[in-house]
1. Using a 10 Å cut-off on Cβ atoms, rank the peptides 766-775, 277-286, 207-216, 638-647 from the highest mean neighbour count down.
2. What order do you get for 339-352, 697-710, 733-746 when each peptide is scored by the mean count of other beta carbon atoms within 10 Å, highest first?
3. Treating only the Cβ of Lys, Arg, Asp and Glu as charged (+1, +1, -1, -1), what charge dipole size does the chain show about its Cα centre? Round to the nearest 20 debye.
4. When only C-alpha pairs under 8 Å and at least 6 residues apart count, what is the relative contact order of region 517-561, in percent?
5. Taking θ = phi - 60°, what integer Hz values does the Karplus form 6.51 cos²θ - 1.76 cosθ + 1.60 yield along region 337-350, in sequence order, with x for Gly and Pro?
6. Could you state the orientation-averaged shadow area of the convex hull built on the Cα atoms of region 55-95, in nm² to one decimal?
7. Would you work out the relative contact order for the chain, in percent, from Cα pairs under 8 angstrom that are 6 or more residues apart?
8. Towards the positive end of the charge dipole of the chain, with charges on Cβ (+1 Lys, Arg; -1 Asp, Glu), say which of Gln85, Gly727, Pro648 has the farthest Cα.
Amino acid sequence: MKIRLLILFLLCTVIYSFGQTSIRGRIKDLQQNLPFVTVRLLNSDSALIKNTVTDDAGKFIFEDIAPGNYFISSSAVGHSKFFSQLISVEKNNIELPDIILEPVSTELTEVTVKTKKPLFEQKIDRLVVNVQSSVTSSGSSVLEVLEKSPGIVLNRQNNTITMNGKTGVRIMINGKSTPLPLEMVIQMLDGMSSSNVEKIELITNPPAKYDAEGAGGIIHIVMKGNADLGTNGSVGFTLGCKWAEVLGGSFNLNHRNKNFAFVVDYSILSEHNLHSLNLIRQFVNNGFVQTINDHSRRENNTTQQNANAGIEWKLSKNSLLNFSLTDYRRKWDMNAATNDSYHVAKDSTVVTSMSIHESNIWQSVTAGIGLQSKMNSKTEISFNLDYLYYHNNNPSQYDNKPLSHDNNADDVSKIDVKKTTPIRFLIATTDYKHVYSPFLSLEAGLKSAISSLDNDVLVQRLQNNVWLTDPTFTSYSNLSEQVAAAYIATKWQPEKQWQINSGLRYEYAHTSIGTPEQKNLLNRKQGYLFPNLTLEKDFSKNKYAEFSYSRRITRPTYNEIAPFVFFWGPNSFDAGNTELLPAVSDAIKMGYHARQWVVSLQFSHSKNEIDMGEPENDSSNNVIYRHQNLKYSNILGLMNAWSFNIAPWWEVQTNLVAQYKVVQTSHLPVNVKRRNYGLSLNMTSSLKLPKDFAIEISGMYQSKTLLDVVESMGVGSLNAGIQKKFGKGTVRFAVDDIFNTNVWRLKLNLPNDKNMDTYLNYDPHSQFFRLTYTRSFGNNKLSSINLKTKSQEERGRIQTN
């Protein structure tokens with residue numbers, strides 16, 4: 001059946017061929033040919049049809065032109081503009097006489113283009129957050145920018161992200177998927193400076209060329225880059241305060257000439273903060289409601305460094321070779337004091353105090369090589385090979401003291417934990433694109449990925465001044481996974497007002513987990529087909545409607561299925577669930593876009609949804625958290641985005657998401673169904689003031705919502721910032737979470753065998769005062785004038801992907 005579907009899809013993509021009529025020409029001045037000149041093809045009413053740029057010899061070509069009447073226009077810095085007479089195209093190729101651009105005598109000492117992208121841009125399949133357009137984002141981490149983005153709910157305690165109410169979110173950086181578990185990626189984003197990020201794309205309906213992993217969609221982080229000729233860059237500094245000091249710095253350097261380019265950027269962020277946590281659990285034991293109350297005060301220091309470098313060579317007119325290298329190091333060091341009160345019986349309460357010292361050191365190195373070749377004017381092919389190595393060192397020490405006894409050294413239980421996890425990835429991809437005509441194009445590709453992971457946990461307890469291994473928690477396990485994927489996608493414009501994007505992706509994965517005692521504790525082989533389809537109908541300028549369908553998958557991470565138990569409190573443990581199944585999600589969406597207003601309705605159904613972790617009681621009444629599969633998760637969402645100007649200098653942007661969510665458990669003795677109506681609101685007000693001042697005020701509110709079966713209470717924050725520009729320098733002062741209201745409150749009550757009732761209050765201390773300074777340098781005058789055309793964007797994608 002799958003083979004028949006694939007054959008049917010391939011047949012549907014081959015429609016018909018279009019004519020090969022072309023318009024050719026050359027642009028020069030009075031002395032020489034002019035390369036890299038923008039040339040535009042306009043229809044008879046001067047509407048833009050397509051763009052291109054001249055090559056090294058000043059030549060240009062427009063291919064696959066439908067019969068009709070057209071104009072040619074061209075412009076170059078320092079030269080007069082050109083506008084042709086009407087050109088009639090029938091079925092013959094047209095060779096134009098040389099176009100002469102006369103020099104202008106005006107002296108351009110400096111050109112400054114003052115444009116600003118909106119903070120939020122709604123497109124057909126994604127919402128774009130233009131990070132550099134935000135005053136309050138300066139000096140923040142990427143994670144803090146995400147936390148204020150429309151539809152994003154971040155749970156720092158459980159290290160999870162939901163997008164428009166859906167879990168299973170995938171992170172990409174510069175077009176490449178990050179294959180680490182989400183909780184590890186969140187830690188990396190928490191120290192990644194937003195100063196080196198150009199934009200963040202929240203992709204709700206990813207095309208087939210992207211991995212199908214991530215039922216909730218893809219968060220694509222695009223780092224800064226510059227396709228202009230010359231050398232430029234920027235430096236930045238951050239001085240701030242959360243609970244204590246925050247210090248940061250960033251550096252970016254770009255250089256490009258006709259045949260060679262390189263980019264280097266580096267950022268460092270050091271944060272001293274305090275997190276507080278209060279966890280209350282109640283359950284019935286022998287007819288008595290027992291209560292465990294944990295209060296934890298967690299002082300932490302985090303230092304993270306990110307370095308990226310890339311080199312690009314133009315091997316020939318149509319071939320590019322590039323190398324990339326990234327280095328990442330994050331050291332998180334925490335000292336915590338936890339008080340645990342365990343109300344065992346009516347007349348018995350056990351009170352203990354635990355001091356914790358924990359370190360979490362992540363280091364990684366990634367290297368990649370890529371080759372992109374434009375075989376002819378219609379065909380492109382690329383090859384990429386990436387190697388990624390990550391290493392995690394996570395030592396911790398616990399001193400547990402019962403407070404109901406005298407302070408005797410013998411009463412202190414000392415535990416030492418050593419945990420190391422090396423992870424290796426080798427990923428190879430090849431992509432092919434052919435443009436049959438301006439109305440039909442096809443893309444196809446293959447991917448192969450091999451990964452391996454070793455997890456070594458050693459737990460020792462001090463007994464009679466001798467460290468003894470605890471076999472309950474000590475473990476060694478390994479994971480290996482092989483993934484193969486293939487995709488095909490088409491873009492077809494059957495009529496002027498219609499566009500159809502379709503794709504089909506197949507992924508096969510073989511995952512195995514073993515221990516020294518059992519080699520194949522988990523041995524799973526699975527293959528899935530992932531279709532997607534988007535229909536777009538244009539009604540008039542800046543007005544269109546769209547319909548889309550897609551299928552995606554969320555596979556369990558290693559931590560969710562790991563065959564070991566790890567504790568984070570006197571009576572609390574994390575455990576893996578080797579029985580977890582992947583979650584497969586189908587989603588449909590209908591939307592309408594009219595100028596600055598976008599509204600859409602989306603429904604998704606996820607089978608075997610993986611929840612964020614549910615508490616269970618073991619035989620000793622310890623609480624164990626492990627992930628489970630839900631029977632299903634259904635989400636109906638209405639999204640409304642609107643931007644408007646109160647005055648020419650005052651812009652307001654609003655994003656409103658209303659949702660109805662239904663989930664049902666599948667593993668309890670009596671399974672339950674949960675329903676919830678939720679509302680998410682983001683609003684940003686930007687004011688441009690005289691003398692290069694700007695003010696931004698933004699707010700976020702998330703009503704009570706379901707995080708799978710866990711109920712999250714309402715949360716919100718108010719942020720504000722002011723900036724002043726001084727030539728090439730910019731000074732910003734911003735405050736996040738002014739009223740310190742971004743505090744997480746989670747509730748869970750499940751009718752299991754002991755009627756577990758859990759309440760969590762977690763304060764990450766999000767209130768953040770900071771002063772930042774950034775300064776650009778280098779050639780950012782004439783070379784920075786870049787009126788991007790579609791052809792330039794396509795060329796830039798070949799060069800930078």
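The values are calculated or read from the model by the stated rules, or taken from the named source; none is laboratory data. The shown structure was predicted, so the numbers you read here are calculated from the model rather than taken from an experiment. Note that we place each Cβ from the backbone using ideal geometry, even for glycine, and neighbour counts take in every protein chain shown. Side chains included, ligands, DNA and RNA excluded: accessible areas come from the protein's heavy atoms. Shrake-Rupley method; radii C 1.70, N 1.55, O 1.52, S 1.80 Å.
1. Numbers: 766-775: 19.3, 277-286: 16.4, 207-216: 23.2, 638-647: 14.8.
Averaged packing, sorted descending, gives the order 207-216, 766-775, 277-286, 638-647.
2. Ranked from most to least packed, the peptides come out as 697-710, 733-746, 339-352.
3. Numbers: 83 positive and 74 negative charges, 469 e Å.
That gives the chain a dipole magnitude of about 2260 debye.
4. Working: 30 pairs, mean separation 13.6, N = 45.
Dividing the mean separation by the residue count of region 517-561 yields 30 percent.
5. Each residue of region 337-350 in turn: 10, 10, 10, 10, 10, 10, 7, 7, 9, 4, 10, 9, 9, 9 Hz.
6. Working: hull surface 14.6 nm².
Orientation-averaged projected area of the Cα hull: 3.7 nm².
7. Working: 2183 pairs, mean separation 78.8, N = 801.
Relative contact order here is 10 percent.
8. Going by the charge dipole, the pick is Gln85.
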